[in-house]
Amino acid sequence: MPQAPHSMAPSPRIGRNERLAVTSAPPAKPRKPKKPTGPKGPKRPRPTWPIALLLLAGWGVIVAVVLSLHWISSLPDISDLLAKSRSHDMTILDRTGRTVARPGLTQGRMVMASDLPAYVPNAFIAVEDRRFRYHFGLDPIGMARAAYENAVVGHVVQGGSTITQQLAKNLFLKPQRTLDRKIEEAMLALYLESRYSKEQILTLYLNRVYFGSGATGIEAAAQHFFGKPASQLTLTEAAMLAGSVKAPAIYNPDANADASMERAGIVLAAMRDAGFITASQERAADETRPRVMRDTATPGSKYFADWIRKLTGDYVGQQDEPLIVQTTFDLALQTEAERAVAYTLAQDGRAHRASEAALVSMSPDGAVRAMVGGKSKGDFDRATDAHRQPGSAFKPFVYLAAFERGHKPGDIMNDEPVSFGKWRPEDYDKDYEGPITLTRAFAKSSNVVAAELTEQIGAGAVVKTAYRLGIASPLDAVPSIALGSSGVTPLELTGAYAAFANGGTGVMPYAIVSIRTAEGKVLYTRQGTGPGRVMSADDAAELAGLMSEVVRSGTGRAAALGDRAVAGKTGTTQDFRDAWFVGFTADYVTGVWVGNDDSTPMKHVTGGTIPAHIFHDFMTAAETGLPLAPLPALAAVEPVATAAPAQPDASAPQADQPGAFERVLNSLFGGT
């Protein structure tokens, strides 16, 4: 039978593990939402950037507050800036009333701006900060003007710092030109303005600004340059001081009076422009030339002034008022002393490797007339502070101790090599003379004879004798003390020689006669004369005779002064490390030391060479015009009741050098 026509294909069978692939239609695209319409138009999303800015600003404020609190906590305390500090002003006068120094004038007492003539602070405002009374510590207008002027000329001709900024710098900051320092300066200026009034800031500024020549503060400057208090400054003087602030080393009246006056003219013109003075006042002030005070002291007087300043504190303690100290100093003699030291060292110092010298000169009663602390102008005073071995200049104490125990100048001793255990003293030139008198042994400075005498009488006796005459430095009671093996200062050795010069009376070197306040209140007056007689008149005459022979025929011939009676003793230490000459006339006792600060040996410098030459040059000038006179010890003197050495008068006032004489008494009764 015929098959039915094949109308559709048979469906394939799908296996169990097969899937039927179904093709689906692509999804329809989502419709965009219709924008709402209305009378106000479509709604927009709210922007988020204002919120971010607010958050940022908030955090900025927090950080700024934290940093400000941290900075404020580190600010210096300015609560007591206006407290009046103690005055350190001291005027030191020589014996004739001339000013030696004003060592404490570097910072004058505080004066209030309101106590000064109006033109004094106005002079500073006119030239330094014309808008001072109107700005808040910083002056943007002034800074802009300064920047413009500097840009026009191509370099700095104007500064933009206000007086408040200058005060902040002077009070708290280092003089560095850095951005950090300028920022600190500005912030401190704002800080000061928030705590003080304009008049208080002006007061602080005037009392802290530097004027040159060591003067800080308006009071110190007025006293130093014009010899008057700041309240008495004239208009011209105020203009000169205000003008010096820009460059104190150039424009201060000491440095260059002409430049200071020229600068004052600029200040006066600025004051007229600012309305502080009239044109007629400007002309009158510009035509007036003030009298500038000049120092009468010599450069080397600084050593004496420093010594006086130390002693003044011991005598009257710390004072709040300016002091006037009357001294025994003689500026005319000081000039000659400095000249003699400088000239001789210039002539002979380099060739003989001698770089330094010290000189002390006093009257026979111990009044210091001149003092050279060294050739250099440093702070170390070799006259009062340098402890150097005196060498044979110590032998007068040996011979005095021997005479007090029975020896006489005519006694014969053997000048020949000798040994004391391991110690073998030798004469300088090894030219031994055999049997010689003590007078000859002293004149030729025999080390052997001095050592033999010390061996006989005991080193302790020599030390006690030296203490009795005023040596205060520690001395070792050993055989070598005969040759000056313990260090002493030129001041104390010269003072000890004064007893030989005046006939046997001990002295304590002194320089202060009186101390009073500027208002006239007397705080101290010298009383007493020292320890009294420390040797018999006969022993004093014998020692003066020995020392006269040193100058006449011995090692000190270079110190001779012609027909004038002079006596002294040379001293030279081992390897020529120290050289001395200490001598006297009827008028002055003078000690000279020559050496090097580091104790390096000199080239064959003995006490009879450079030191004796300095002594000769100085004493020749010092004695000019004075009558010839015999040495007091060799002149007729009143005999003492006993030849035994008199004990020091422990009840005598000891105001000149507190504690020094007590040490002498301790050495006498408490051992060495």
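The values are calculated or read from the model by the stated rules, or taken from the named source; none is laboratory data. Predicted, not measured: the structure shown is a model, and the values here were computed from it. Because the Cβ atoms are built from the backbone with ideal geometry, glycine has one as well, and the counts that use them run over all protein chains shown.
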Residue count, the stretch 453-490 (criterion: within 18 Å of THR573 (Cα to Cα), under 33 Å from the mean Cα position of the chain (by Cα) and in a helix (DSSP H, G or I)): 1
Single unsatisfied condition, GLU492 versus (1) under 18 Å from GLY583 (Cβ atoms); (2) touching a His at 6+ places or on another chain (Cβ under 6 Å): (2)
Some residue of the stretch 175-197 being among the charged types (D, E, K, R), surrounded by fewer than 18 Cβ atoms within 10 Å (Cβ to Cβ) and either modelled with pLDDT of 75 or more or on the phi > 0 side of the Ramachandran plot (or both): yes
TYR399, sole failed condition from (1) in contact with a Leu (Cβ under 7 Å, 6 or more places away or on another chain); (2) at pLDDT below 95; (3) among the aromatic types (Phe, Trp, Tyr): (2)
Among (1) within 23 Å of the chain's Cα centre (by Cα); (2) charged (D, E, K, R); (3) buried (at least 22 other Cβ atoms within 10 Å of the Cβ), the one test that ASP254 misses: (3)
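To keep it simple, each residue is scored yes or no on (1) more than 29 Å from the chain's Cα centre (by Cα); (2) surrounded by fewer than 24 Cβ atoms within 10 Å (Cβ to Cβ); (3) in a strand (DSSP E or B); (4) of a type in the set (Val, Ile, Thr).
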site: THR570; (1), (2), (3), (4): yes, no, yes, yes
site: ALA586; (1), (2), (3), (4): yes, yes, no, no
site: GLY591; (1), (2), (3), (4): no, no, yes, no
site: ASP597; (1), (2), (3), (4): no, yes, no, no
site: THR600; (1), (2), (3), (4): no, yes, no, yes
site: LYS603; (1), (2), (3), (4): yes, yes, no, no
So SER536, is it in contact (Cβ under 8 Å) with a residue 40 or more places away in the chain, surrounded by fewer than 24 Cβ atoms within 10 Å (Cβ to Cβ) and within 22 Å of GLY571 (Cβ to Cβ): no
Residue check for LYS408: assigned to a loop (DSSP other than H, G, I, E, B) and farther than 29 Å from GLY460 by Cβ: no
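Yes/no matrix, rows are residues, columns are (1) at pLDDT 95 or above; (2) under 37 Å from the mean Cα position of the chain (by Cα); (3) part of a loop (DSSP other than H, G, I, E, B):
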{"site": "THR529", "(1), (2), (3)": "no, yes, yes"}
{"site": "MET535", "(1), (2), (3)": "yes, no, yes"}
{"site": "GLU542", "(1), (2), (3)": "yes, no, no"}
{"site": "MET547", "(1), (2), (3)": "yes, no, no"}
Single match in ALA279, ALA386, ALA297, ALA370 (criterion: surrounded by 17 or more Cβ atoms within 10 Å (Cβ to Cβ) and either outside the structural domain of SER485 (by TED's automatic domain parsing) or at positive phi (or both)): ALA297
Criterion: small (Gly, Ala, Ser), surrounded by 13 or more Cβ atoms within 10 Å (Cβ to Cβ), touching a helix residue (DSSP H, G or I) at 6+ places or on another chain (Cβ under 6 Å) and assigned by TED's automatic domain parsing to the domain that holds PRO121 - qualifying residue of ALA269, ALA274: ALA274
Leading residue by the ranking (farthest from MET619 (Cα to Cα)) among those in the stretch 364-391 that are in a strand (DSSP E or B) and hydrophobic (A, V, I, L, M, F, W, C): ALA367
Residue that is modelled with the highest pLDDT, among those in the stretch 618-651 that are among the acidic types (Asp, Glu) and surrounded by fewer than 18 Cβ atoms within 10 Å (Cβ to Cβ): GLU638
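Every residue in the stretch 236-250 that is farther than 14 Å from GLU262 by Cβ and either outside any helix (DSSP H, G or I) or not charged (D, E, K, R) (or both), please. Break it down stepwise before answering.
Step one: of the stretch 236-250, the residues farther than 14 Å from GLU262 by Cβ are 237-238, 241, 245, 248-249.
Selection gives ALA238, LEU241, VAL245, PRO248, ALA249.
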Matching residues, the stretch 342-360, being touching a strand residue (DSSP E or B) at 6+ places or on another chain (Cβ under 7 Å) and part of a helix (DSSP H, G or I): LEU345
Close pairs (8 angstrom Cβ cut-off, 6 or more residues apart or separate chains): farther than 20 Å from ALA222 by Cα in the stretch 273-300, in a loop (DSSP other than H, G, I, E, B) anywhere: ALA274/ARG130; PHE276/ALA118; PRO299/LYS377; GLY300/GLY373; GLY300/LYS377
Among the candidates SER361, SER355, residue that is surrounded by 24 or more Cβ atoms within 10 Å (Cβ to Cβ) and not aromatic (Phe, Trp, Tyr): SER361
First in the stretch 246-259 and under 15 Å from ALA123 (Cβ atoms), second anywhere and of a type in the set (Phe, Trp, Tyr) and assigned to a loop (DSSP other than H, G, I, E, B), Cβ under 9 Å, 6 or more apart: none
Complete set of residues in the stretch 553-606 that are touching a His at 6+ places or on another chain (Cβ under 7 Å) and among the β-branched types (Val, Ile, Thr): VAL605
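Filter the stretch 252-296 down to the residues that are hydrophobic (A, V, I, L, M, F, W, C) and in contact with an Asp or Glu (Cβ under 8 Å, 6 or more places away or on another chain) and list them by number.
Scanning the stretch 252-296 gives ALA264, LEU268, ALA269, MET271, VAL292.
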The stretch 310-337 residues that are under 15 Å from SER514 (Cα atoms), paired with ones that are part of a loop (DSSP other than H, G, I, E, B) (beta carbon under 6 Å, 6 or more apart): ASP314/PRO658; PRO322/SER87; PRO322/ASP89; PRO322/ALA518; THR327/ALA511; THR328/ARG95; THR328/ALA511; PHE329/ASP94
Test: residue in the stretch 437-444 that is over 27 Å from GLY366 (Cβ atoms), of a type in the set (Val, Ile, Thr), in the same structural domain as ARG552 (by TED's automatic domain parsing) and without any contact (Cβ under 8 Å) to a residue 60 or more places away in the chain: yes
Pair list, Cβ < 6 Å and 6+ apart or interchain, from the stretch 44-69 residues that are assigned by TED's automatic domain parsing to the domain that holds MET187 to residues that are modelled with pLDDT under 75: none
Residue list for the stretch 611-621, filter: under 29 Å from the mean Cα position of the chain (by Cα) and of a type in the set (A, V, I, L, M, F, W, C): ILE614, PHE615, PHE618
Qualifying position, being closer than 30 Å to GLY97 by Cβ and among the basic types (Lys, Arg), among ARG283, ARG294: ARG294
GLN200, sole failed condition from (1) at positive phi; (2) out of contact with any helix residue (DSSP H, G or I) (no Cβ under 7 Å at 6 or more places or on another chain): (1)
